[in-house]
Amino acid sequence: MSKRIYLDNAATTKTSPEVVEAMLPYFTEHYGNPSSIYELAGESKEAVSKAREEIARILQAKSNEIYFTAGGSEADNWALKAAFEAYKEKGNHIITTKIEHHAILHTCEYLEKRGAKITYLDVDENGVLRLEDLEKALTPETILISVMFANNEIGSIQPIKEIGMLAKEHGILFHTDAVQAFGQLPISVDELQIDMLSSSAHKINGPKGVGFLYIRKGVKIRSLIHGGAQERKRRAGTENVPGIVGYGCAARRAAETMEERTKKEAELRDYLIGRLSKEIPYCRLNGHPTMRLPNNVNMSFRFVEGESLLIMLDGYGICASSGSACTSGSLDPSHVLLAIGLPHEIAHGSLRLTLGEETTREELDYVVEKIKEIVQRLRDMSPLYEDFIKKEKA
Amino acid sequence: MYSEKVMEHFQNPRNVGEIEGASGVGTVGNAKCGDIMRIYLDIDDDHVIRDCKFKTFGCGAAVATSSMATELVKGKTIQEAMQVTNKAVMEALDGLPPVKVHCSLLAEEAIHAALWDYAEKNHIKIEGLEKPKADIHEDEEEEEEY
């Protein structure tokens, strides 16, 4: 294998050398505990504040509304569980969608066992929530709407502004899982009327194991971890100082380069979608054709199974992912692909390619050639394809 | 997650293809679960499997188990082929991850389904062989949705 082509940036990204460089001094030089009183601790404390301010500025939020966590899943868990508990008096109904990340869906299942009523909204064939469905689902007991900003598998961007308005109108909390969107799309929490927002550093060339939950001032929410006074007593435990510094740096970089980077990524995305759709018969694009994350390509190749495709791509040094059952550890393919109405066998043949800041057209040309070759090879091996061709000829 | 043997059979599967006018053909599995195997057998008058080919839609383990199963039954008599169990296929591949054991079962079922087809066509009874249960055509209506 000569070269690695990494097209799984929705899974995680390479930590940028600039971010690593920013983090390093906080391991060996400025290692003080931010809660201590001597000068050494002051440096750590200041670094954490700086990162918090940086992130708040990008979201047009206040820095005391940013609560660092150990990642996106933690932020999602916290937002749902703590809101459910804090707003028990008002009601027990939560509205979400069928295409959320498992950090939301499995938390909802957990809450259902504890008395929550959850509405899982359908999405249309492009993977977008219908506002009228949301409006119809509202009840006087509804305490929370949680809808992801953009989907991690098929990239579809949700009508966040309209959801925010509707939530505000009805006095309901609005949480959004923005793990894929933060740093990729401009987000203003005030303009979009978002009350809570989850995010994760490693999706934007930051380190793994750090994220944050934005909580609008005034939102009643229970503490996640009890102990020290860190994160305004809401999430105790000594701060992950290097991680937080890394996140601050990654967020600043992502915000500064957003316009240019996402424009280039979207061009490459459309180039890749165009070539695959044109050059490989019996395939389809999953997700919205235009309202999608700038770096997300998700295609289904009929008569082909995803895991086989991934292993063969790996043989050529290409890293990608699939919604096939075999990659999920269950017998069912991705819940997102089923929610947009794909039949099982077509969902099994899905391939997600997510571009990064370093992706080049040359790399994509190579990838297209390899996908063409592999899909044909797998189809030649596929009884479904054999039957299809025989039927076509008859 | 796969053994070297599995990877080798997946990358270079043996006996891929069809046999025109095969003595027996068996298709098992279903597209819903993501695995379909079809085995073709060419059996001579002495009940010896002269040739065996397969086509599979499925994961790496599904392809590797099909490939290995065809290798194991080739040149064998019908009765010997009946002894090729999923265990034998797995052992020959140096094992499979637990979540992929069902692929080896599918390979055994595919061989049995092809033998059943042969037995029916020739009005013979193969000792120990039961009618295959899997039917892939239940998913046919889904094709139109595409």
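The values are calculated or read from the model by the stated rules, or taken from the named source; none is laboratory data. Quick caveat: nothing in here was measured; it's all calculated off a predicted structure. Don't worry about glycine lacking a Cβ; one is built from the backbone with ideal geometry, like all the others, and counts go over all protein chains shown.
Observations on the model:
- One residue alone among A:Leu131, A:Leu121, A:Leu166, A:Leu197 is within 17 Å of the chain's Cα centre (by Cα) and among the hydrophobic types (A, V, I, L, M, F, W, C), and that residue is A:Leu197.
- Region B:71-102, residues that are among the aliphatic types (A, V, I, L, M), within 14 Å of chain A (Cβ to nearest Cβ) and within 16 Å of B:Phe10 (Cα to Cα): B:Leu96, B:Val101
- Note on region B:12-30: residues that are touching a strand residue (DSSP E or B) at 6+ places or on another chain (Cβ under 7 Å) and buried (at least 17 other Cβ atoms within 10 Å of the Cβ) total 12.
- Taken over region A:189-224, the criterion of being buried (at least 16 other Cβ atoms within 10 Å of the Cβ) and free of Cβ contacts under 8 Å to residues at least 40 places away in the same chain is satisfied by A:Leu192, A:Gln193, A:Ile194, A:Asp195.
Okay, residues lined up against (1) at pLDDT 85 or above; (2) touching a strand residue (DSSP E or B) at 6+ places or on another chain (Cβ under 6 Å); (3) of a type in the set (Lys, Arg):
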| residue | (1), (2), (3) |
| --- | --- |
| B:Val89 | yes, no, no |
| B:His102 | yes, no, no |
| B:Glu109 | yes, yes, no |
| B:Tyr118 | yes, yes, no |
| B:Glu140 | no, no, no |
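- Output for region A:272-326, where each listed residue is free of Cβ contacts under 8 Å to residues at least 12 places away in the same chain and more than 14 Å from chain B (Cβ to nearest Cβ): A:Gly274, A:Lys278, A:Thr290
- Wholly within region A:11-83, helices (runs of 4 or more DSSP H) carrying at least 3 residues that are in contact with a Gly (Cβ under 9 Å, 6 or more places away or on another chain) and touching a residue at least 24 places away in the same chain (Cβ under 8 Å): A:17-23, A:39-59
- Whichever residue in region A:380-390 is surrounded by fewer than 22 Cβ atoms within 10 Å (Cβ to Cβ) and touching a Phe, Trp or Tyr at 6+ places or on another chain (Cβ under 7 Å) and, among such residues, is farthest from B:Lys55 (Cα to Cα): A:Phe388
- Restricting A:Cys283, A:Cys249 to those that are in contact with a strand residue (DSSP E or B) (Cβ under 6 Å, 6 or more places away or on another chain) and at pLDDT 95 or above reduces the list to A:Cys283.
- Residue pairs whose Cβ atoms lie under 7 Å apart, sitting 6 or more positions apart in sequence or on different chains, and linking a residue in region B:45-67 that is at the interface with chain A (Cβ under 7 Å from one of its Cβ atoms) and within 18 Å of B:Ala92 (Cβ to Cβ) to a partner that is outside any strand (DSSP E or B) and of a type in the set (Phe, Trp, Tyr), are B:Gly60/B:Tyr2; B:Gly60/B:Phe10; B:Val63/B:Phe10.
- Those residues of region A:377-394 which are without any contact (Cβ under 8 Å) to a residue 12 or more places away in the chain, within 13 Å of chain B (Cβ to nearest Cβ) and either of a type outside the set (A, V, I, L, M) or touching a Pro at 6+ places or on another chain (Cβ under 8 Å) (or both), in sequence order: A:Asp380, A:Met381, A:Pro383, A:Glu386, A:Asp387, A:Lys390, A:Lys391, A:Glu392
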